[in-house]
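Take a look at the structure set out below.
The values are calculated or read from the model by the stated rules, or taken from the named source; none is laboratory data. Worth saying up front: this structure is predicted, and the values here are computed from it rather than measured. Backbone-built Cβ (ideal geometry, glycine too); neighbour counts: all protein chains shown. For accessibility, only protein heavy atoms count, side chains too; no ligands or nucleic acids. Shrake-Rupley method; radii C 1.70, N 1.55, O 1.52, S 1.80 Å.
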Amino acid sequence: MWSDKCLVERRSGKGPVWVFRTPQEKWDQDCIEPCGDLKKDIKIMFWGCFGGRAMMGLTDLPGDPESKRGGVTGRIILEYALKKILPQILDGHPDLLFMQDGAKVHQRKELVAWLKEKGYEVMVWPPYSPDLNPIEHVWAELKKLVYKLHPELYAMEGPEATIIEKIKSAVYEAWEQISDQFLYSLIDSMKAWVQAVKRAGGGYT
């Protein structure tokens, strides 16, 4: 059961836009998409997990008012993600192995203690290995789907609270659109990823 956090920004993750044109159409307005000076000023952190062919859980995470910077902390992940989602899945499937990376927020004492108390088996994750987590590809696909389903979000203006709710709604909608076959292809490729890391002696692949 793979898990991770993902930061979704209003004007990030759209991906390349391909335009098919003749040489004479090079400067036609319909063939140009200006970037301008758009700021990535509205950000929302999400936590999600999947296993096998199934999307298992997604939740948006508020900032922690107790932290100096107001960002997402281990306390927030524990209260808003792990306690909210994991029991619904792992209590009925004790054979599942739970994966989270070694980020400091995942090492908070209360978080680690709660996982042990629940008896969940947590995978030992090697440091400096974020790209080995297949959910990274899920996040990339999710962001593409967000802008495919709601292209208006890219340049949307208005009250910040309204934009935040629109982004959240679009992200949850896109999460449901990710296909089981896509997830299966990620899991199926894990053996090759691990073999490549072994050949490289833990180095770059």
Would you work out the charge dipole size for the chain about its Cα centre, treating the Cβ of every Lys and Arg as +1 and the Cβ of every Asp and Glu as -1, and quote it to the nearest 20 debye? 620 debye
When ligands, DNA and RNA are left out and all protein chains stay put, how many square angstrom of accessible area per residue does the range 46-205 have with a 1.4 Å probe? 60 Å²
Going by a ≥ b ≥ c, the root eigenvalues of the Cα gyration tensor, does the range 66-205 fall in the rounded group (a/c under 1.5), the prolate group (a/b larger than b/c) or the oblate group? oblate
By accessible area with a 1.4 Å probe, ligands and nucleic acids excluded, highest first: order of His137, His106, His150: His137, His150, His106
Compute the label zone of His93 within the range 174-201: residues whose backbone N is under 20 Å from the point 7 Å along Cα-to-Cβ. 175-191
Show me the ranking of peptides 152-158, 99-105 by mean Cβ neighbours inside 10 Å, starting with the highest. 99-105, 152-158
Of Pro134, Ser189, Thr162, which is farthest on the positive side of the dipole of the range 126-198, counting Cα position, with +1 on Lys and Arg Cβ, -1 on Asp and Glu Cβ, and the Cα centre as origin? Ser189
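Counting only helical runs of four or more DSSP H residues, what would the 222 nm mean residue ellipticity of the chain come to if each run contributes -39,500 (n - 2.57) and the total is spread over all its residues?
Mean residue ellipticity at 222 nm (helix-derived): -11500 deg cm²/dmol.
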Tell me, what is the 1.4 Å probe accessible area of Thr205, in Å² to the nearest 10? 120 Å²
GNM on the chain, C-alpha springs below 10 Å: top fluctuator among Ile77, Ile163, Ile44? Ile163
Using the alpha-carbon centroid of each, what span in Å lies between the range 81-145 and the range 169-205? 15 Å
Tell me, what % of the accessible area of the chain is carbon and sulfur with a 1.4 angstrom probe? 53 percent
Relative contact order of the chain, pairs being alpha-carbon contacts under 8 Å that are 6 or more residues apart, as %: 24 percent
Quick one: which of Lys43/Lys168; Lys5/Lys84; Lys84/Lys148 span more than 19 angstrom between C-alpha atoms? Lys84/Lys148
Given a Förster distance of 41 Å, report the FRET efficiency between Asp30 and Glu117 from their Cβ-Cβ distance, rounded to the nearest 0.05. 0.10
Over the chain, with a Gaussian network built from C-alpha contacts below 10 Å, which listed residue (Gly57, Gly48, Gly70) shows the highest mean-square fluctuation? Gly70
In a shell of Cβ-Cβ distance under 11 Å around Trp125, excluding Trp125 itself, what net charge do Lys and Arg (+1) and Asp and Glu (-1) give? -2
